[in-house]
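First comes the structure, then the notes that go with it.
Derivation of every value follows stated rules applied to the coordinates shown; laboratory data play no part. Remember, predicted model here, so these are calculated numbers, not experimental data. Neighbour counts run over all protein chains shown; Cβ positions are idealised from the backbone, glycine included.
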Amino acid sequence: MISQDELQKTIDDVVDERRGILAADESTGTIAKRFSAIGVESTADTRRAWRSLLLSTPGLGEYISGVILFEETLSQCDDSGRPLPEVAASQGIVPGIKVDKGKGPLSGVPGDLITCGLDGLGERLATYRQQKARFAKWREVYPITTANPTAVGLQANAEMLARYAAVCQEAGFVPIVEPEVLMDGDHDIDRCAEVTEAVLREVFHALHRHGVVFELMLLKPNMVLPGKECRKAAPQEVAETTLRTLRRCVPAAVPSIHFLSGGQGPEEATLNLNAINQLRGNAPWQLSISYGRALQQPALHAWAGKPEHVEAAQQALLKRARLNSLARQGMYDPSLEDEAPG
Ligand code: 13P
């Protein structure tokens, strides 16, 4: 039985006209890569230090309503011994949890990928609930080639997202459904639009088949963008193409769409979000963020693993959070980038 009231309360606490979600759920392998770029060894303690820094940033709750955490973080504490999910909650930031176990090849379908982690998900959610997580995230990944994603891949990935989302709602967790069409490659924006549309159609078809309640889920898609090796598109074109694709595929019952940044630079991701919100017209959903790199990158570089840089790093995070909050309302201007951080 789905507890609608509990799920609705989580939606009400996370969906906000000014705020967005911080993705801080990098797996142990991914965070090691991010740390290696700033010369920091990835250990349980450096990961704890970094995530404490993020969650204790003064004022972060003004711009951020939810945070996606990695499993390890749920049981870590700040220096005063307070569990990190509680540190987030004390700022009005709802703690969530990445529940997928990462991607691998989809056997029999060269070039397509599939994410694993469904086995035992219900039991894991029961533990995460005791650790104060209230929503979940699962990511399926779609590389674009001339042959991928295939029809089989589209169906298999959609099925995983739908089964995950159904388990979450039954366990009292709002599912964030994340189908990510990757930016890798030299494809143009039209090809990304074509693939994103095919992906979203298949995902919502599967969610419907599995009885997922659209009003009690969140969507985390890619923006529609040209591949990294193709000429960049202007924010207006990104916004128009993204909105057209979403309008064709996402039911109006879904309350909010939270874009991933997916390899866009921090300022680029803010500029594109701003254009989307300026051109949103009568779009039925909130159009917000669930950025990882685009929120964290400047802060990570400011920190560089040094305790004496914690404040500067928090200022850098707060600046990106604040500017994305403005972009979320279509009120961002690039000249604001020159202001002092924070
Ligand atoms: P990026 O914004 O860095 O793409 O990360 C978002 C995310 O959570 C990917 O799963």
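Listed here are the residues, each with its yes/no results for (1) more than 16 Å from the chain's Cα centre (by Cα); (2) in contact (Cβ under 8 Å) with a residue 24 or more places away in the chain; (3) surrounded by 22 or more Cβ atoms within 10 Å (Cβ to Cβ).
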site: Ser3; (1), (2), (3): yes, yes, no
site: Glu26; (1), (2), (3): no, yes, yes
site: Arg34; (1), (2), (3): yes, yes, no
site: Ile64; (1), (2), (3): no, yes, yes
site: Gly92; (1), (2), (3): yes, yes, no
site: Asp112; (1), (2), (3): yes, yes, yes
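Go through the range 5-24 and count every residue that is among the basic types (Lys, Arg), in contact (Cβ under 8 Å) with a residue 60 or more places away in the chain and part of a helix (DSSP H, G or I). Quick ask: steps written out before the conclusion?
Restricting attention to the range 5-24, the residues satisfying the condition of being among the basic types (Lys, Arg) are 9, 18-19.
Checking which are in contact (Cβ under 8 Å) with a residue 60 or more places away in the chain leaves us with 18-19.
Okay, now just the ones that are also part of a helix (DSSP H, G or I), so none.
Of the residues in that region, 0 qualify.
When you scan the range 228-257, how many residues do you find that are under 17 Å from Met183 (Cα atoms) and within 16 Å of the ligand (Cβ to nearest atom)?
Here the count works out to 3.
Okay, residues lined up against (1) touching a Pro at 6+ places or on another chain (Cβ under 7 Å); (2) β-branched (Val, Ile, Thr); (3) under 20 Å from Arg139 (Cβ atoms); (4) not in a loop (DSSP other than H, G, I, E, B):
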| site | (1), (2), (3), (4) |
| --- | --- |
| Lys232 | yes, no, no, no |
| His258 | no, no, yes, yes |
| Ile276 | no, yes, no, yes |
| Ile289 | no, yes, yes, yes |
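Could you check Ala294 against (1) part of a helix (DSSP H, G or I); (2) under 30 Å from Val213 (Cβ atoms); (3) in contact with a strand residue (DSSP E or B) (Cβ under 8 Å, 6 or more places away or on another chain) and say which number it fails?
(3)
Could you grab me the full set of residues in the range 167-202 that are in contact with a strand residue (DSSP E or B) (Cβ under 9 Å, 6 or more places away or on another chain) and in a loop (DSSP other than H, G, I, E, B)?
Ala171, Phe173, Leu182
Only one of (1) within 16 Å of the ligand (Cβ to nearest atom); (2) free of Cβ contacts under 8 Å to residues at least 60 places away in the same chain; (3) touching a strand residue (DSSP E or B) at 6+ places or on another chain (Cβ under 8 Å) fails for Asn277. Which number is that?
The single condition Asn277 does not satisfy is (1).
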